[in-house]
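The values are calculated or read from the model by the stated rules, or taken from the named source; none is laboratory data. Just so you know, these numbers come straight off a predicted model, no measurement behind them. Backbone-built Cβ (ideal geometry, glycine too); neighbour counts: all protein chains shown.
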Amino acid sequence: MDATFALEVLDKAPYVTVSMTRPDGSPYGLPLSLARTDDRTFYFHCALEGDKLECIAHNPTVFLSAVTQCAPTVGPKDGSFTLQYKSATAIGKAEMVTDREEKIAALRAICQRFLPQHINAFDDAINRSLERTAVVKITLTAPPVGKRKQYDKQGEEMKWGRME
């Protein structure tokens, strides 16, 4: 599936697993709540110190992975046990956001994505916690890739980018 499909999956996933490399070379991955602001830029927030920031300082290359509409099913035509899903992966570079205005804009995007009903409390939250919150920007270094397994209403698997 194309990059547009992959971005849609990344946008709809309740979290995106972000994988990194620890300074000792071991892998580190965890689900994070990302907000996208354009076709290449994602943000997340975290504490001012910890494993994520140590990994990023050591090696800023990250791998994103997300799955939506994941459901075990029985193939309508052949009765095989299978899984319907939509997935996306991407590679990017992570960096700490140091510019105050970009940091606030990123946090606003995160709030609008996950708590739009509380956006009226955003300015108070910024005043209380901006200085103790880190924001990380992930810039994709290549277009994201999407995959899926999905059946149409007639029970035919939709392949090669065919949309319902």
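Just to be sure, is Val18 part of a helix (DSSP H, G or I), of a type in the set (Val, Ile, Thr), touching a residue at least 12 places away in the same chain (Cβ under 8 Å) and in contact with a Gly (Cβ under 8 Å, 6 or more places away or on another chain)? No, not satisfied. When we screen Ala142, Ala105 for residues that are surrounded by fewer than 16 Cβ atoms within 10 Å (Cβ to Cβ), among the aliphatic types (A, V, I, L, M) and in a helix (DSSP H, G or I), the only hit is Ala105. Scanning the stretch 135-155 for any residue that is under 18 Å from the mean Cα position of the chain (by Cα), of a type in the set (Lys, Arg) and modelled with pLDDT under 90 turns up at least one such residue. Which one of these does Thr98 not meet: (1) loosely packed, with under 12 Cβ neighbours inside 10 Å; (2) β-branched (Val, Ile, Thr); (3) in a strand (DSSP E or B)? Condition (3) is where Thr98 drops out. Selection of first residues in the stretch 58-75 that are on the phi > 0 side of the Ramachandran plot and of second residues that are of a type outside the set (S, T, N, Q) and surrounded by 17 or more Cβ atoms within 10 Å (Cβ to Cβ), restricted to Cβ pairs under 6 Å at least 6 apart or on distinct chains, gives the following pairs, ordered by first then second residue: Gln69/Lys86. Scanning the stretch 16-52 for residues that are more than 17 Å from the chain's Cα centre (by Cα) and either surrounded by fewer than 16 Cβ atoms within 10 Å (Cβ to Cβ) or within 22 Å of Arg132 (Cβ to Cβ) (or both) yields Arg22, Pro23, Asp24, Gly25, Ser26, Pro27, Ala47, Leu48, Glu49, Gly50, Asp51.
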